Amino acid sequence: MFRIYTPQEANKALPEIKRRFNTILSQKTNVVLLQEELQKTVESGSSLESFIKKKQQLNGAVSNLYKSIELLEDMGIMIKSVDDGLLDFPCMRFDQEVWLCWKLGETEIKFWHDKEEGFMGRKPLAPKGFLTGEDDLADLR
């Protein structure tokens, strides 16, 4: 689903987004552990039955991980990096399409960047976010 967020809407949705993202992180950790276990199963010369059971566990875990990613991105949010905990929210800054940027560990969305920029191009939001029709130009840096 495509959606445009205001900074206020993104911050309001953040608790649910954090919960969902933490689920993704947990599922990713589980996938990595199952991959390691599968490799050990192969290296130890275990039975074909043991290998197939472990492989099916891994397949289910990968499917669950991708489903969780899909559910989060269905909220209109772009996962830029699971490993770095980077999420972007589509937003309009006056008449320009930009990304609101959030990193795991931050308490609220305080930054934005142009569509072509990444995390390194983050700029701070004005205290009230992007305001249209008012004389708050604090975010024009």
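The values are calculated or read from the model by the stated rules, or taken from the named source; none is laboratory data. Fair warning: this is a prediction, and the values are worked out from it, not measured in the lab. Counting neighbours? That spans all protein chains shown, and the Cβs are built from the backbone with ideal geometry, glycine included. To get the accessible areas, we keep the full protein, side chains included, count just its heavy atoms, and leave off ligands, DNA and RNA. Shrake-Rupley method; radii C 1.70, N 1.55, O 1.52, S 1.80 Å.
Going by alpha carbons, how many degrees (0 to 90, nearest 10) lie between the helix axis of 7-43 and the longest principal axis of the chain?
20 degrees
If I fit a long axis through the Cα atoms of helix 48-73 and take the longest principal axis of the Cα atoms of the chain, what angle between them do I get, 0 to 90°, rounded to 10?
Taking Cα atoms only, the helix is inclined about 10 degrees.
What accessible area per residue comes out for the chain, rounded to a whole number of Å², with a 1.4 Å probe?
61 Å²
Which one, LEU86, LEU100, LEU48, has the greatest fluctuation when you compute a Gaussian network model over the chain with C-alpha springs under 10 angstrom?
Comparing LEU86, LEU100, LEU48 in a Gaussian network model of the chain, the most mobile one is LEU48.
Just to verify a number: FRET efficiency for LYS115 and LYS67, C-beta to C-beta distance, R0 = 25 Å, to 0.05?
0.35
Under 11 Å from a point placed 7 Å out from the Cα of LYS40 along the Cα-to-Cβ direction: which residues of the range 52-67 have their backbone N that close?
none
Where does the longest stretch of the chain lie that holds no chymotrypsin sites (Phe, Trp or Tyr not before Pro) found in a DSSP loop with 11 or fewer other Cβ atoms within 10 Å?
3-93
Give the residue list of GluC sites (Glu not before Pro) in the range 51-115 that are DSSP loop and have at most 12 other beta-carbon atoms within 10 angstrom.
Passing sites in the range 51-115 are GLU108.
Gaussian network model of the chain, Cα springs within a sub-10 Å range: biggest mean-square fluctuation belongs to which of SER47, SER63, SER81?
The residue that fluctuates most here is SER47.
Taking 22 Å as the cut-off for C-alpha to C-alpha distance, list the pairs among LYS28/LYS115; LYS12/LYS103; LYS18/LYS67 that go past it.
Table pairs above 22 Å Cα-Cα are LYS28/LYS115.
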